[in-house]
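Where a number appears in this text, it was derived from the coordinates with a stated rule and is not lab data. Remember, predicted model here, so these are calculated numbers, not experimental data. No Cβ is skipped: glycine too gets one built from the backbone with ideal geometry, and neighbour counts run over all protein chains shown.
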Amino acid sequence: MHNNTAISELIEAGKWISQRGWVPATGGNFSARTTTGFVVTASGFDKGQLGTHTFIQLDHNGDRSAGSAKPSAETELHLCMYKLIPSANFVLHTHSVAATVLSRVVKGHSLDLQGYEMQKSIAGNTSHLDTLSIPIFDNDQDIDRLSLLVSDHHLHTPIEYAVLIRGHGLYVVGRDIREVRRHLEGLEFLFSCELERLKLEGISAEAKV
Ligand SMILES: CSCCC(=O)C(=O)COP(=O)(O)O
Ligand SMILES: [Zn+2]
C-alpha cells in the first residue's frame, strides 16, 4: 500500500476512534505497513485531528525516512507487532476506559472472553462457545523491554490479533483498514460487556493472580 493511502485511512480512522472516546487527550497511536516500510503517527498529537504533517515515514528497518516530527513513543511496539504477525498491515493502539480498567481488574496474563456472539467479529472466530484469549502484559515505560516481553510470549503462545497493556490500553492489528477497525470495534464491545458483567456478577473469580 502507498504511504499516502495508508495515511488517509489512518486520519479517517483517527476521527472515528476519537469520536468513540477511545483516544482521550493525546493517547493512542496508529501505524500501517506500506510498500516502502511503515508510517506511524507523530508523538503528542490529538489522534482525532491528524493531518499529513502528523505522520512519520519509516523504512523497512524502522528507521525514519521522511517527516520532521518525533515518532510515537510506542513505535517499537508497533514494529514488534508487524514482525510477529506477517499478515498485519495496520496497528491501532487505543486507551479506552474498558480496556484500561479490565486489564487492571483481571490480574492474570490473559483476558479470556467466552459466551459472546460478538467474538465472531474477530477473524477466525466462529463460535461463542470458544474462548477468545487476549494476552495482558504489565505496563512498562521502557517500550523496548515491553516489546521484548511481547516477542518472548509470542514464541510459546502466538499473538493473533491483539494485546492488552495493563492499565494502559489495547494494541490491535488487521490485514487492512476495514479489518483492523472491525477488530477494534468488536473487541471494545466485548470489553464493555465483560466489564458490565464483572460489575454485576462480582470480580472475585477474575481478580485471581
Ligand atoms: C497521554 S498519552 C501517554 C503516552 C501513550 O501511552 C500514548 O499512547 C501516546 O503516545 P504518543 O507518543 O504516540 O503520542
Ligand atoms: Zn499508549
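With everything on Cα atoms, drop me the angle between helix 3-19 and the longest principal axis of the chain, reported from 0 to 90° to the nearest 10.
That works out to roughly 40 degrees.
Please give, to one decimal in nm, the separation of the simple spin-label points placed at Ser110 and Ala25, each 7 Å out from Cα toward the Cβ.
3.2 nm
Okay, which of region 127-156 sit inside 17 Å, backbone N to the point 7 Å along the Cα-Cβ direction of Asp59?
Correct set: none at all.
Measure nothing but the geometry: give the 0 to 90° angle between the long axis through the Cα atoms of 75-84 and the longest principal axis through the Cα atoms of the chain, rounded to 10°.
70 degrees
Given region 35-138, report the % of alpha carbon pairs whose separation exceeds 22 Å.
Values: 2525 of 5356 pairs.
For region 35-138, the share of Cα pairs beyond 22 Å comes to 47 percent.
Between Ser133 and Thr36, what length comes free when the chain is fully extended (0.36 nm per residue of separation minus the Cα-Cα distance, one decimal in nm)? Walk me through the numbers on the way to the answer.
Working: separation 97, 0.36 × 97 = 34.92 nm, distance 3.29 nm.
This chain segment gains 31.6 nm when fully extended.
Any idea what angle helix 177-201 forms with the longest principal axis of the chain, computed on alpha-carbon atoms, 0 to 90 degrees, nearest 10?
30 degrees
Can you show me the helix-derived [θ] at 222 nm for the chain, built from DSSP H runs with n ≥ 4 at -39,500 (n - 2.57) apiece and divided by the number of residues, rounded to the nearest 500. Don't jump to the answer; show the numbers that get you there.
On the way: 5 runs with 75 residues, N = 209.
Roughly -11500 deg cm²/dmol at 222 nm, from the helical runs in the chain.
Is the shape of region 124-209 rounded, prolate or oblate, going by the alpha carbon gyration tensor and its root eigenvalues a ≥ b ≥ c, with a/c under 1.5 for rounded and a/b larger than b/c for prolate?
Values: a/c = 1.66, a/b = 1.14, b/c = 1.46.
Oblate.
Bins of 10 Å, beginning at zero and ending with the bin holding the largest distance: percent of Cα pairs per bin for region 1-86, please.
20, 54, 26, 1
Report the number of Lys pairs in the chain whose alpha-carbons are under 29 Å apart, with separation of 8 or more residues or on distinct chains.
So the count works out to 16.
Near Glu179, within a Cβ-to-Cβ distance under 14 Å, what is the net charge of the other residues, with Lys and Arg +1 and Asp and Glu -1? Working shown, then result.
Working: positive: Arg33, Lys120, Arg175, Arg178, Arg181, Arg182; negative: Glu9, Glu160, Asp176, Glu185.
So the surrounding residues net to +2.
Among DSSP bridges having both ends in region 99-209, what percentage is antiparallel? Round to the nearest 5.
Given both bridge residues lie in region 99-209, the antiparallel proportion sits at roughly 80 percent.
What do you get for Rg/Rh over the chain if you use C-alpha atoms and the Kirkwood form of Rh?
Working: Rg = 16.4 Å, Rh = 17.2 Å.
Result for the chain is an Rg/Rh of 0.96.
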